[in-house]
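Each remark here refers to the structure printed beneath this line.
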Amino acid sequence: MSTTRRRSLVALSLAAAALAAGGLARAARPVPAAVRYVVSAGEGARELRVDATLRAGLGRELEFDTGMGPFVRDPEVEESGRWRAIEHHDDRLYATSCASAACRIRYRFALAEAARTVHDRNRAAEQEGAFLAPPSSWLARPRSDGEARFRLEVTTPPGTTFVTGLLPAPGDGGPAYEATLDDLEEAPYSGFGPFETARISVPGGVVDLAIAPGERDLPTSALTAWAERAGRAVADYYGHYPVPRVLVLMLPSGRRAIGFGTTLGNGGASIMIWVGRSATAADLERDWVLTHEMIHTAFPNMPRTQRWLEEGIATYVEPIARARAGTLSVEEVWRGLVDGLPKGMPRPGDPGLDKARTWGSTYWGGALFCFLADLQIREKTGNRRSLDDALRGINAAGGSIFVRWPLRRALDAGDRATGTHVLRDLYGKMGEAPMKVDLDHLWQRLGVVADGRDVRFDDRAPLAAVRRSITARPAPGRAAAGGR
């Protein structure tokens, strides 16, 4: 292929894969875009050239993520067929002619300089010649206009691929992406560079894997199998993968076998996870982090005061999903809960979960809420319904990491799916005020007996059947109870 620019063939294949997975029309309605961005990456994506066409009425002010303005070069606006420089202060551009009329602006963005200067995974960072930066770092965005949408088209030179968690534009034959302008402020992880890519089909969706350059002992096949294993465990729990497409960015680095993982949605779904240079296949077999992050894709983004529920669901569901998939023993599930749930118990003087900010309250306090909800739903319905059904119902109602919801909307959708008021009532007891829980009594009722580092089970306990059903695969037909 010549040195002339080409559209990213990988981006094209990923867009087609997401369309083939189905469900895309649910996430992005065919509404004309208020802003069209055309981005052309230079050699190695060290610099981006951005051309933006804005409809009338979006205002004169456009902004970038905090601290990214210094990397913007030569911003201009087109007026009467000629280009004129526009004001540029800190992280904002001011184009007076855009205040009341449709307009077109252009600028260059020094992506390599930004990545090497800022070195922040949420804004811009470099990974062995690949540049990681969400679109909010390099796209000048106007103030939000409700459901107004933007469209992003990207071209890259040979040897450079653009990867993103944004959803492909519906019905589009090329590598174009769409979301709302509200989404753009916290849009999914994206990157430019020599990524190694793979497309993995899981029930109900696709996992698009992008492996950044870096030293690693593991072959690509092992990393692909790891992503597929996690994706299938989550799909099995929900009855299908909870979103039609997720991007998984794997970054080889560090000494830990599996490092930090983080998930970002809003107009799509993306996961960034670090893999140690010397990680082994056995490390991937034991990993819980990727499954935890994938579970985040199934639940809507919450207000900051209720992030404990996002983390609590992922903390509680992850070992259960892995046990049902056969990659974690039932004993390990219950040993983890016996050890972990006490960390979520309120201490003297602690507030309710909405105002608590500790690691224990966020992760294990949220998991305690989910554990109690699961038990109460099962008891109230004679073990016919569970937290599984509530979470599937929330997802079936449109709740996923693609969107932002208020907490009560999610709780109401979950309660409708189980025919109870458990989630609403339990939130009333734990959200605004601390609630003490007698875990020892619950272990006794469930028949969970901690014996040193081991756990054994008493099948004569009153809730022994409930305990068994929590880690058992659902009966045929149950997985579809909250399905699409």
Revision key, fill the gap. At q = 0.10, 0.12, 0.18, 0.22 1/Å the base-10 log of I(q)/I(0) from the Debye formula over the alpha-carbon atoms of the stretch 23-141 is -0.33, -0.47, -0.93, -1.19
Exercise for review: Measure of size requested: the Rg and Dmax of the stretch 375-480, with Cα atoms as the atom set and Å as the unit; please supply both.
Suggested key: 15.8, 44
Practice item. Please give the residues of the stretch 142-182, grouped as numeric ranges, whose backbone N is less than 15 Å from a label point set 7 Å along the Cα-to-Cβ vector of residue 40. Key: 153-158
Exercise for review: Could you work out how far helix 366-380 tilts from the main Cα principal axis of the chain, as a 0 to 90 degree angle to the nearest 10?
Suggested key: 50
Review point. Taking a temperature of 37 °C and a viscosity of 0.692 mPa s, what whole-number D in µm²/s does Stokes-Einstein yield for the stretch 226-351 with Rh from Kirkwood over alpha carbon pairs?
Key: 211
Review point. Tilt of helix 330-340 relative to the longest C-alpha principal axis of the chain, in degrees (0 to 90, nearest 10)?
Key: 80
Check your understanding: So in the chain, what percent of DSSP beta bridges are antiparallel if you round to the nearest 5?
Key -> 75
Point to revise | Accessible area in square angstrom per residue, the stretch 324-391, 1.4 angstrom probe | key: 41
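Per the 1.4 Å probe, what fraction of the accessible area of the chain, in percent, lies on carbon and sulfur atoms?
That fraction is 49 percent.
Estimate the FRET efficiency between residue 459 and residue 91 by the formula 1/(1 + (r/R0)^6), using the beta-carbon distance for r and 56 Å for R0, to the nearest 0.05.
So the FRET efficiency works out to roughly 0.35.
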Point to revise | Hydrodynamic radius by Kirkwood, which averages 1/r over all alpha carbon pairs of the stretch 280-430, in angstrom | key: 15.7
Practice item. Take every Cα-Cα pair in the stretch 399-448 and report what % of them are more than 17 Å apart. Key: 55
Exercise for review: Note the angle between two axes, namely the Cα long axis of helix 220-238 and the longest principal axis of the Cα atoms of the chain, as a number of degrees from 0 to 90, rounded to the nearest 10.
Suggested key: 60
Check your understanding: Roughly how big is the chain's charge dipole about its Cα centre, with Cβ charges of +1 (Lys, Arg) and -1 (Asp, Glu), in debye to the nearest 20?
Key -> 860
Check your understanding: If you stretched the chain out fully between residue 82 and residue 277, how much longer would it get, using 0.36 nm times the residue separation minus the C-alpha to C-alpha distance?
Key -> 65.0 nm
Check your understanding: residue 331 to residue 256: extension gain in nm, 0.36 nm per residue of separation minus the Cα-Cα distance?
Key -> 24.4 nm
Review point. Each label point is 7 Å from the Cα along the Cα-to-Cβ direction; what then is the distance between the points at residue 359 and residue 51, in nm?
Key: 5.0
Check your understanding: So what's the convex hull volume per residue for the Cα atoms of the stretch 87-180, in Å³?
Key -> 139
**Study point:** Partner lysines for residue 355 [C-alpha distance under 22 Å; skip if fewer than 8 residues away on the same chain]
**Key:** 343, 429, 436
Revision key, fill the gap. Rounded to the angstrom and largest first, Cα extents along the principal axes for the chain equal 82, 48, 43
Study note, to complete from the structure: Expressed to one decimal in nm², the mean projection of the alpha carbon convex hull of the stretch 170-248 is 6.8
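Over the stretch 35-101, calculate the relative contact order: mean separation of alpha carbon pairs under 8 Å at least 6 apart, over the residue count, as a percent.
32
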Check your understanding: For the stretch 198-310, what proportion of DSSP beta bridges, expressed in % and rounded to the nearest 5, is antiparallel?
Key -> 45
Revision key, fill the gap. The simple spin-label model distance between residue 421 and residue 444, using points 7 Å out along Cα→Cβ, in nm, is 3.0
Revision key, fill the gap. 1/(1 + (r/R0)^6) with r = Cβ-Cβ of residue 74 and residue 147, R0 = 30 Å, i.e. FRET efficiency to nearest 0.05, evaluates to 0.40
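The values are calculated or read from the model by the stated rules, or taken from the named source; none is laboratory data. Only a predicted model underlies this, so the values are computations on that prediction, with no experimental measurement involved. In this analysis, Cβ positions are derived from the backbone assuming ideal geometry, glycine residues included, and neighbour counts consider all displayed protein chains. The accessibility values were calculated without ligands, DNA or RNA, using every heavy atom of the protein model including side chains. Shrake-Rupley method; radii C 1.70, N 1.55, O 1.52, S 1.80 Å.
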